[in-house]
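One structure is given here, and the rest of the page talks about it.
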Amino acid sequence: MRLILRIWRQKNRNTKGKFARYEVNDVNPDMSMLECLDVLNEDLARRGKEPVAFEHDCREGICGSCGFMINGVAHGPLSGTTVCQLTMRHFKDGEELILEPWRARAFPLVKDLAVDRNAFDRIIAAGGYISISTGSAPDGNAIPVSKERADAAMDAAQCIGCGACVAACPNASASLFTGAKITHLGLLPQGQPERDLRAVRMVTQMNLEQFGQCTNIGECVAVCPKLIPIEVIGRMNHDYIAGSMREPEAGEA
Amino acid sequence: MSSIAIGLRENKAVRLWDSTNGKKAVMAVSGFILFLFVLGHMLGNLQVFEGPAQFNRYAQLLRTLPEGLWAVRIILLIMVVLHIVAAVQLALRKRTARPIGYAKRKPIGSTYASRTMYWSGPIIFAFIVYHLLDLTSGNLNPNFIEGDVYHNVIASFSNPFVSAWYIFAMVLLAFHLRHGLWSMFNSLGLTHPRYTPALRRAATFFAVVIFLGFISVPIGVLTGIVK
Ligand code: HEM
Ligand code: FES
């Protein structure tokens, strides 16, 4: 099949970017979106042109490296899918696709479709951990966890940190991401000791990174490749507000 | 931002207000209190259908205890100020959070009501100012008679433009509440996946009830049921 791609090309943060139009003629419907870009890039390289930069790693929807906007929707039209798992048969022959990078102040552009998502790493580093003694593995079932909690924690733990939630949010909010991390650690017994401090520190870091506010409108949930539910944001707010009340003020500790 | 935040703000209240999440919590609480007022106000208004004597007696009753009246007014004023200051600050923040917009963007997961909160809110505010000048102080009501609330309501709503503007504002209030009454639970961290569908239905229900309750008055006047 044949596709017309209008792709955002920008050499680096300091130059101006613009859309470039490409025709890709030998698209196999079973290819993924990234493989389609591979085909384009091979052609560009053969002709001595600069290939399109995009991030990728696992190409099986689990690492969270890939992602860009396709026709105004993060990760494209298929729900619960990353662009590396989106096959071209979901598009019509001859269709025009607009590919744009995630746009947020907290995600500065690197090149073309690749953006810098280190802000997410810094949110994790601020509190996304638990303190347990390492060493020999604990006995199985030594710490009981109810099925319902375990399920909810695992649902939240599915977050791969791709950044689609930020990209889709009209306010560029990172609430679904931060909420998922706070929820998956905060629901389990091992996460209890740092629960207050974790929420306060991760939310503080999220705000310092210049992400926007959450309006609870749900665009993030609609594009999340792991279908993380919006209630993780409620949990984040709960733990943040409760933690803010309980955590000692600076100087008090 | 390249380093990790370690120092936390000294004061707990300042720390909360400093964060977008804290401002949203303030909006949720102030929005909820404003909603309670709006609900009570709507129920009170319905007495217009019981005739001038009853309606004016009700209006008189609200004014028998000036301290109480002013206490409520001051609380509402504080809530409006908090709600609006947070709204303005967050509106500015939203603009800086995405300095370069998308060439193409398609909403797929949100309602119209939720996407227009930053429009419905300020228009509701403009309406509240107009409404107070029209029916509380009477400055904008050419036929205003101090104390004859029933007469003033009819004098205002007999003008179809006044009624239309009122109904339009109530449409926006209904949109605002349709999203806001659910959103406030998530902002305060009181949601659970099991109850979200019920909360959303309840929000829609109250938005519709408030809308119908309020617009019944101008419609009553325009159709001559209230005269
Ligand atoms: C009768 C008057 C009003 C009521 C009952 C009301 C109620 C609410 C409620 C319950 C929320 C949800 C809060 C949350 O998501 O946590 C909300 C949000 C909001 N309100 Fe109001 N509101 C009123 C007037 C106003 C006014 C006058 C403005 C602006 C000038 C305004 C602007 C907003 C905005 C922008 C939001 C969305 C905030 C966000 O999600 O970031 N509202 N309102
Ligand atoms: S490349 Fe790993 S999720 Fe797409």
Helix axis angle, B:196-222 relative to chain B longest principal axis, alpha carbon, degrees: 30
Compactness of the stretch A:56-152, expressed as Rg and Dmax over alpha-carbon positions, Å: 19.1, 58
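What do the square roots of 5 times the Cα gyration tensor eigenvalues come to for the protein assembly as shown, in whole Å, largest first, as semi-axes of the equivalent ellipsoid? It would help to have the intermediate numbers written out before the result.
On the way: eigenvalues 464, 177, 76 Å².
Equivalent ellipsoid of the protein assembly as shown: 48, 30, 20 Å, largest first.
Round to the nearest 0.05 the FRET efficiency obtained for residue B:125 and residue A:79 when R0 = 45 Å and r is the Cβ-Cβ distance. Don't skip to the end; give the middle numbers.
On the way: r = 37 Å, r/R0 = 0.83.
Efficiency, rounded to the nearest 0.05: 0.75.
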Selected from A:151, A:43, A:139 as most flexible by GNM, with chain A as the system and alpha-carbon contacts under 10 Å: A:139
In nm, spacing of pseudo-spin labels at residue B:143 and residue B:89 (7 Å Cα→C-beta vector): 4.6
Interface residues, the stretch A:206-222 - accessible area loss of 40 Å² or more versus chain alone, probe 1.4 Å: A:207, A:208, A:213, A:215, A:216, A:217, A:219
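Once R0 is set to 35 Å, what does the formula 1/(1 + (r/R0)^6) return for the Cβ-Cβ distance between residue A:134 and residue A:57, expressed as a FRET efficiency to the nearest 0.05? List each step's numbers first, then the result.
On the way: r = 27 Å, r/R0 = 0.77.
Between residue A:134 and residue A:57 the formula returns 0.85.
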Per-selection metrics, the stretch A:118-252 (Cα): Rg and Dmax in Å: 15.0, 47
Distance (nanometres) between label positions extended 7 Å along Cα→Cβ at residue A:227 and residue B:103: 3.3
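Excluding ligands, DNA and RNA, what is the accessible area buried between chains A and B, summed over both sides, using a 1.4 Å probe, to the nearest 100 Å²? Numbers along the way, then the final one.
Details: alone 13140 and 14800 Å², together 23190 Å².
That pair of chains buries around 4800 Å² in total.
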Using θ = phi - 60° and Karplus 6.51 cos²θ - 1.76 cosθ + 1.60, couplings along the stretch B:98-115 (whole Hz; Gly, Pro as x): 9, x, 10, x, 8, 5, 9, 8, 10, x, 10, x, 10, 8, 4, 4, 6, 6
Taking all pairs of distinct alpha-carbon atoms in chain A, Kirkwood radius in angstrom: 19.7
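For every helix of n ≥ 4 consecutive DSSP H residues, a contribution of -39,500 (n - 2.57) applies; sum these over chain B, divide by its total residues, and give [θ] at 222 nm rounded to the nearest 500 deg cm²/dmol. Numbers along the way, then the final one.
On the way: 9 runs with 159 residues, N = 227.
The helix-only estimate for chain B comes to -23500 deg cm²/dmol at 222 nm.
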Degrees separating the helix B:117-131 axis from the principal Cα axis of chain B, which is the longest one: 30
Length-normalised contact order of chain A in % [C-alpha pairs under 8 Å, at least 6 apart]: 19
Spatially close lysines, pair count over chain A: Cα under 24 Å, gap of eight or more or interchain: 10
Accessible area in square angstrom per residue, the protein assembly as shown, 1.4 angstrom probe: 48
Carbon and sulfur %, accessible surface of the stretch A:118-252 computed with the full protein complex present, 1.4 Å: 55
Principal axes of chain B: Cα extent on each, largest first, Å: 67, 43, 36
Label-point separation, residue B:168 to residue B:58 (7 Å along Cα→Cβ), nm: 2.7
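The values are calculated or read from the model by the stated rules, or taken from the named source; none is laboratory data. Bear in mind that the values here come from a model prediction, so they are computed numbers and not experimental data. Don't worry about glycine lacking a Cβ; one is built from the backbone with ideal geometry, like all the others, and counts go over all protein chains shown. Calculation scope for accessible area: heavy atoms of the full protein, side chains included, ligands and nucleic acids excluded. Shrake-Rupley method; radii C 1.70, N 1.55, O 1.52, S 1.80 Å.
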